[in-house]
Amino acid sequence: MRCQVAIIGGGPSGLLLSQLLHRAGIDTVVLERQSRDYVLSRIRAGVLEWGSVEMLREAGVGARMDAEGYPHDGVYLACRNEGFRIDFKDLVGKQVMVYGQTEVTRDLYEARDRMDGKVIHNVEGVQIHGADSDAPYVTYTRDGTEHRLDCDWVAGCDGFHGVSRQTIPASVLKEFERVYPFGWLGILSETPPVDDELIYAQHERGFALCSMRNARLSRYYVQVAQDDKVENWSDDAFWDELRRRIPEDAAERLVTGPSIEKSIAPLRSYVAEPMRWGRLFLVGDAAHIVPPTGAKGLNLAVSDVHYLYHALVQAYEGDEHGVAHYSEQALARVWKSERFSWSMTGLLHRFPDRGAFEARMQEAELDYLQHSRAAQTSLAENYVGLPY
Ligand code: FAD
Ligand code: DHB
């Protein structure tokens, strides 16, 4: 089999890249390790930057998002039972869209089906060969049969645990990492959200976040210890802990119910450089991870796709400048989102290894943010997404 761009991974970045390239007349094959149902069962991100919204529209998959998504003009930050609002619309004239990653992925799969896009599920043992040559190819096994896919370029969209990054020799790859001493316990419940907007709460017991998917579906998170287990948390224990950490008025309004999903995600900051090695590109979580506090993970995957899509279109027009500079261009934005996610994490979490001085610094920073329009503008500018 042959295609122009072999895409490893059928998560949001692989599917979006495939969809955009197809519309530009560039042919792709997506190789995904899991089944479609499995990919669609993963509950992950919930907030889209406006740049991501526009990219999804450009890819022809914006209709359901525009009909069913919720544009938000701001978020609440809460500390010591007191909340204040960061008004994006007023501060930077922009919004974000609440529309879950599951829905984005579903829309992309449906669009790929309509265009007869090739997405091959349940592949095993994917290996990338000759990425540093002019004739790369990918091998994999499916239903016990070995396959070979020849291509011009390989896009590694296979997430943090994929093979693409591991294909880059250790002598070339530089890794930067910070692992945080806590995780997020998240639940999804068929209850109305506690507020129209998201609430990010700093509390001495630990961080909490009130989010949502739609008017009848809520998503809530509480900070837990790094080694905590989902089995330790009954639904009642979760709701009690959430109520303690959010402002009293919100706690009183909170409607609880059985969880329909419950999981713990560890928090990590990670960047691999470079994001291109010969004819192999790293895209999204394959190259970088952010702690979820700034809602940046999915959005960074989308901005990588933006740069790579334009670079590949340019390359097929005979100009490889974009391809040559993909890594630098993507990393410049990646590092700024890493910085924002790291700083939001530091601002809002309880760090078991920090002392009284750092706790006061955190309070002072929140107090500054509450009363300074300049500080709020900076947060808003980053939260809605820096320009591409
Ligand atoms: P992925 O979504 O990871 O997709 C990669 C795909 O590649 C997967 O489908 C995988 O099955 C496939 N794959 C892996 N290895 C191979 C292989 N060897 N061969 C073939 N296919 C392979 N971000 C937020 O902004 N907010 C959140 O609340 C949030 N929660 C998260 C919770 C969890 C548990 C995780 C892991 C991430 C979360 N994120 C969140 C981050 C966000 O979901 C990711 O940034 C986003 O999914 C990145 O998309 P991607 O397509 O690059 O990678
Ligand atoms: C959600 C997750 C986040 O990490 C975040 O910052 C905001 C919202 C969510 O899952 O809804």
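Structure above, values below:
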| item | result |
| --- | --- |
| Residues satisfying the stated conditions in the stretch 200-235, i.e. assigned to a loop (DSSP other than H, G, I, E, B) and surrounded by fewer than 18 Cβ atoms within 10 Å (Cβ to Cβ) | Glu204, Arg205, Ala215, Arg216, Gln226, Asp227, Asp228, Lys229, Ser234 |
| Scan of the stretch 258-275 for residues that are open to solvent by 20 Å² or more (accessible area, probe 1.4 Å) and in a loop (DSSP other than H, G, I, E, B), ordered by number | Pro258, Pro274 |
| Every pair of residues 6+ apart whose Cβ atoms lie under 8 Å, when the first sits in the stretch 291-306 and is over 13 Å from Gln101 (Cβ atoms) and open to solvent by 10 Å² or more (accessible area, probe 1.4 Å) while the second is assigned to a helix (DSSP H, G or I) and more than 9 Å from ligand 1 (Cβ to nearest atom) | His306/Gly51; His306/Met55 |
| Residues (away from ligand 2 (no atom under 16 Å from the Cβ) and either of a type outside the set (A, V, I, L, M, F, W, C) or assigned to a strand (DSSP E or B) (or both)) located in the stretch 244-257 | Arg244, Pro247, Glu248, Asp249, Glu252, Arg253, Thr256, Gly257 |
| Strands (runs of 3 or more DSSP E) enclosed by the stretch 87-199 - at least 2 residues per element that are open to solvent by less than 10 Å² (accessible area, probe 1.4 Å) | 96-98, 137-142, 153-156, 174-189 |
| Identity of the residue in the stretch 150-186, more than 12 Å from ligand 1 (Cβ to nearest atom) and of a type in the set (A, V, I, L, M), that ends up farthest from Gly130 (Cα to Cα) | Val179 |
| Qualifying positions in the stretch 286-305 - aliphatic (A, V, I, L, M) and within 8 Å of ligand 2 (Cβ to nearest atom) | Ala295 |
| Long-range neighbours under 8 Å by Cβ, at least six apart or interchain, first residue without any contact (Cβ under 8 Å) to a residue 12 or more places away in the chain within the stretch 32-60, second open to solvent by 30 Å² or more (accessible area, probe 1.4 Å) | Arg57/Asp66 |
| Residues being open to solvent by less than 80 Å² (accessible area, probe 1.4 Å) and either in contact with a Lys or Arg (Cβ under 6 Å, 6 or more places away or on another chain) or part of a helix (DSSP H, G or I) (or both) - total across the stretch 368-388 | 13 |
| Tally of residues being open to solvent by less than 50 Å² (accessible area, probe 1.4 Å), in a loop (DSSP other than H, G, I, E, B) and not hydroxyl-bearing (Ser, Thr, Tyr) across the stretch 35-72 | 9 |
| Cross-chain or 6+ apart pairs with Cβ under 7 Å, the stretch 336-358 first and under 14 Å from His203 (Cβ atoms) and open to solvent by less than 20 Å² (accessible area, probe 1.4 Å), then assigned to a helix (DSSP H, G or I) and within 16 Å of ligand 1 (Cβ to nearest atom) | Leu348/Thr293 |
| Count of the stretch 197-227 residues which are without any contact (Cβ under 8 Å) to a residue 40 or more places away in the chain and either over 19 Å from Pro291 (Cα atoms) or away from ligand 2 (no atom under 14 Å from the Cβ) (or both) | 5 |
| Scope the stretch 353-362; condition assigned to a helix (DSSP H, G or I) and either within 18 Å of Ser341 (Cβ to Cβ) or within 28 Å of the chain's Cα centre (by Cα) (or both); matching residues | Gln362 |
| Single unsatisfied condition, His129 versus (1) away from ligand 1 (no atom under 16 Å from the Cβ); (2) free of Cβ contacts under 8 Å to residues at least 40 places away in the same chain | (1) |
| Within the stretch 78-107, considering residues that are among the polar types (S, T, N, Q) and away from ligand 1 (no atom under 16 Å from the Cβ), the one modelled with the highest pLDDT | Gln95 |
| Subset of the stretch 41-73 that is modelled with pLDDT under 95 and within 16 Å of Ser13 (Cβ to Cβ) - its residue that is farthest from the chain's Cα centre (by Cα) | Arg42 |
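The values are calculated or read from the model by the stated rules, or taken from the named source; none is laboratory data. The structure presented is a predicted model; accordingly, all values stated were derived computationally and were not measured. Reconstructed Cβ throughout: ideal geometry from the backbone, glycine too, with neighbour counts over all protein chains shown. To get the accessible areas, we keep the full protein, side chains included, count just its heavy atoms, and leave off ligands, DNA and RNA. Shrake-Rupley method; radii C 1.70, N 1.55, O 1.52, S 1.80 Å.
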